[in-house]
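The values are calculated or read from the model by the stated rules, or taken from the named source; none is laboratory data. Values in this document were obtained by computation on a predicted structure and should not be read as measured data. Cβ placement follows ideal geometry from the backbone for every residue including glycine, while neighbour counts extend to all protein chains displayed. Protein only, heavy atoms only, side chains kept; ligands, DNA and RNA dropped before computing areas. Shrake-Rupley method; radii C 1.70, N 1.55, O 1.52, S 1.80 Å.
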Amino acid sequence: MQSYSVAVLGATGMVGQRFIQLLAEHPYFELTCVAASERSAGKRYASAAKWYLEGEIPEAVRNLEVVPVKPEKVRADIVFSALPGGVAREVEPAFAEAGFIVASNASAYRMESDVPLLIPEVNPEHLDMIEVQQERRGWDGAIITNPNCSTIMATLTFKPIYDAFGIEEAVVATMQALSGAGYSGVPGMAIVDNLIPYIANEEEKVETEALKILGNFNGSEIEPASFKISASCNRVAVLDGHTEAIFLRTSEEATPEDIKRVLRSFRAKPQELRLPTAPPQPVIVREEQDRPQPRLDRNAGNGMAVTVGRVREDRIFGIKYVVLGHNTLRGAAGASVLNAELLVKTRKL
Ligand SMILES: NC(=O)c1ccc[n+]([C@@H]2O[C@H](COP(=O)([O-])OP(=O)(O)OC[C@H]3O[C@@H](n4cnc5c(N)ncnc54)[C@H](OP(=O)(O)O)[C@@H]3O)[C@@H](O)[C@H]2O)c1
């Protein structure tokens with residue numbers, strides 16, 4: 001496999017560090033450039049970044065000089081963006097215009113009609129939107145995005161259920177980890193012995209992104225899926241791993257055993273192509289009454305599988321279950337890396 005040089009924008013942050021960890025081991029992406037704010041630019045990575053993750057900063061990255069997030073300062077075939085939304089809105093188009101492929105975690109362009117919002121197991125065909133984007137915007141490069149972390153966990157379970165039985169409506173109540181807010185996002189004093197029943201803009205993302213992802217790309221635009229999603233999002237005192245209680249009304253009747261069967265047998269393009277970051281089984285179904293749990297299940301499939309448990313009948317909606325996934329791996333950096341793997345495997349760069 002040909003190798004590709006890659007850069008991380010926002011490399012010092014919570015998601016940026018996950019990128020660095022994943023890319024250090026990657027078989028064909030070679031991390032050659034790290035970029036962050038003017039506060040960090042000019043410093044060696046090890047002194048600019050307060051490293052939060054288990055293990056040491058990868059040796060090849062420690063001494064890289066952090067550059068500002070400017071296209072003329074970055075050399076790479078692909079840039080991964082872990083920038084805050086507002087910064088991404090300004091910076092990502094400048095990179096795409098300068099000819100870079102931008103694989104972004106940020107929310108800024110997810111819902112634009114010509115930007116793929118990808119989960120490689122769910123809608124790999126939406127990559128075809130790149131041509132529409134390049135033509136419409138006159139870019140040589142492109143922006144591809146991954147969804148909000150909570151959307152990814154829920155949609156990985158919706159896909160096989162939607163294909164087999166249809167979905168009429170869904171209710172999602174999330175219990176989201178602290179790392180989802182970035183290192184300084186939630187003060188310790190606010191969350192220990194507590195939960196916070198509000199995450200800014202999160203419910204809107206969960207209620208809309210899955211419909212774009214499950215929609216049909218007709219060659220020029222997406223016709224979104226037409227069911228309704230209602231979300232209620234909570235921050236809880238867990239470091240990593242978002243848990244979601246999901247209630248579903250399916251179009252055709254389905255028993256809990258039917259749901260478990262389609263979730264367990266779900267395999268898709270990334271598994272078929274054996275993409276390096278793809279888990280062998282994207283949705284793991286457990287039978288224990290008290291699973292999934294963040295500490296026990298967030299690293300399933302190297303943090304790239306989601307774990308479902310407590311699949312049971314619901315007396316109002318028909319079906320309910322709990323899903324859990326690692327928010328900075330499957331929900332962020334791992335999701336972008338998998339998007340880029342799909343891109344280079346299925347198209348010429
Ligand atoms: N955390 C998650 O689970 C998760 C999941 C899905 C998506 N996301 C999205 O991923 C992005 C990053 O989240 P995070 O949690 O990693 O945030 P974070 O820990 O706050 O990190 C932000 C990064 O962006 C850089 N940055 C901040 N302001 C900048 C500016 N004006 N110009 C250039 N660089 C700037 C920071 O560099 P300095 O160190 O130099 O300040 C740092 O590298 C956000 O868009 C977030 O919504 C996060």
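Check every one of the strands (runs of 3 or more DSSP E) wholly within the stretch 259-349 and list those with 2 or more residues that are surrounded by fewer than 21 Cβ atoms within 10 Å (Cβ to Cβ) and touching a Cys at 6+ places or on another chain (Cβ under 8 Å).
Result: empty, no element qualifies.
Go through (1) within 30 Å of G185 (Cβ to Cβ); (2) open to solvent by 60 Å² or more (accessible area, probe 1.4 Å) for H242 and report which single condition fails.
All conditions pass for H242, except number (2).
Is it the case that the stretch 112-124 has a residue that's within 11 Å of the ligand (Cβ to nearest atom), part of a helix (DSSP H, G or I) and either open to solvent by 40 Å² or more (accessible area, probe 1.4 Å) or not small (G, A, S) (or both)?
Looking for residues that are within 11 Å of the ligand (Cβ to nearest atom), part of a helix (DSSP H, G or I) and either open to solvent by 40 Å² or more (accessible area, probe 1.4 Å) or not small (G, A, S) (or both), one finds none in the stretch 112-124, hence no.
Which of the residues that make up the stretch 131-156 are free of Cβ contacts under 8 Å to residues at least 40 places away in the same chain and open to solvent by less than 20 Å² (accessible area, probe 1.4 Å)?
Matches in the stretch 131-156: Q133 only.
If I57 passes every condition in (1) of a type in the set (V, I, T); (2) touching a Lys or Arg at 6+ places or on another chain (Cβ under 7 Å); (3) assigned to a loop (DSSP other than H, G, I, E, B) but one, which one does it miss?
With respect to (1) of a type in the set (V, I, T); (2) touching a Lys or Arg at 6+ places or on another chain (Cβ under 7 Å); (3) assigned to a loop (DSSP other than H, G, I, E, B), I57 is out only on (2).
Of everything in the stretch 9-32 that's in contact with a helix residue (DSSP H, G or I) (Cβ under 9 Å, 6 or more places away or on another chain) and part of a loop (DSSP other than H, G, I, E, B), which residue is farthest from the ligand (Cβ to nearest atom)?
So the residue we want is Y28.
In this structure, does E25 turn out to be modelled with pLDDT under 95 and surrounded by fewer than 19 Cβ atoms within 10 Å (Cβ to Cβ)?
Answer is yes for this residue.
So in the stretch 157-213, with the set limited to residues that are among the polar types (S, T, N, Q) and more than 16 Å from the ligand (Cβ to nearest atom), which one is least open to solvent (accessible area, probe 1.4 Å)?
Only one residue fits best here, namely T157.
Look at the stretch 28-39 and say how many of its residues are surrounded by fewer than 23 Cβ atoms within 10 Å (Cβ to Cβ), out of contact with any Pro (no Cβ under 9 Å at 6 or more places or on another chain) and not acidic (D, E).
The total comes to 3.
Considering every residue within the stretch 50-62, establish whether at least one is open to solvent by 30 Å² or more (accessible area, probe 1.4 Å), touching a residue at least 40 places away in the same chain (Cβ under 8 Å), more than 20 Å from F100 (Cβ to Cβ) and in contact with a Pro (Cβ under 9 Å, 6 or more places away or on another chain).
no
Every residue, every condition in (1) at pLDDT 95 or above; (2) within 30 Å of A142 (Cα to Cα); (3) of a type in the set (A, V, I, L, M), yes or no:
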| position | (1), (2), (3) |
| --- | --- |
| L273 | yes, yes, yes |
| R286 | yes, no, no |
| R298 | yes, no, no |
| M304 | yes, yes, yes |
| Y321 | yes, no, no |
| L324 | yes, no, yes |
| K345 | yes, yes, no |
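From the list V67, V6, V79, which residue is touching a residue at least 12 places away in the same chain (Cβ under 8 Å), away from the ligand (no atom under 13 Å from the Cβ), surrounded by 19 or more Cβ atoms within 10 Å (Cβ to Cβ) and not in a helix (DSSP H, G or I)?
Working: V67 fails: away from the ligand (no atom under 13 Å from the Cβ); V79 fails: away from the ligand (no atom under 13 Å from the Cβ).
Sole residue among the options that is touching a residue at least 12 places away in the same chain (Cβ under 8 Å), away from the ligand (no atom under 13 Å from the Cβ), surrounded by 19 or more Cβ atoms within 10 Å (Cβ to Cβ) and not in a helix (DSSP H, G or I): V6.
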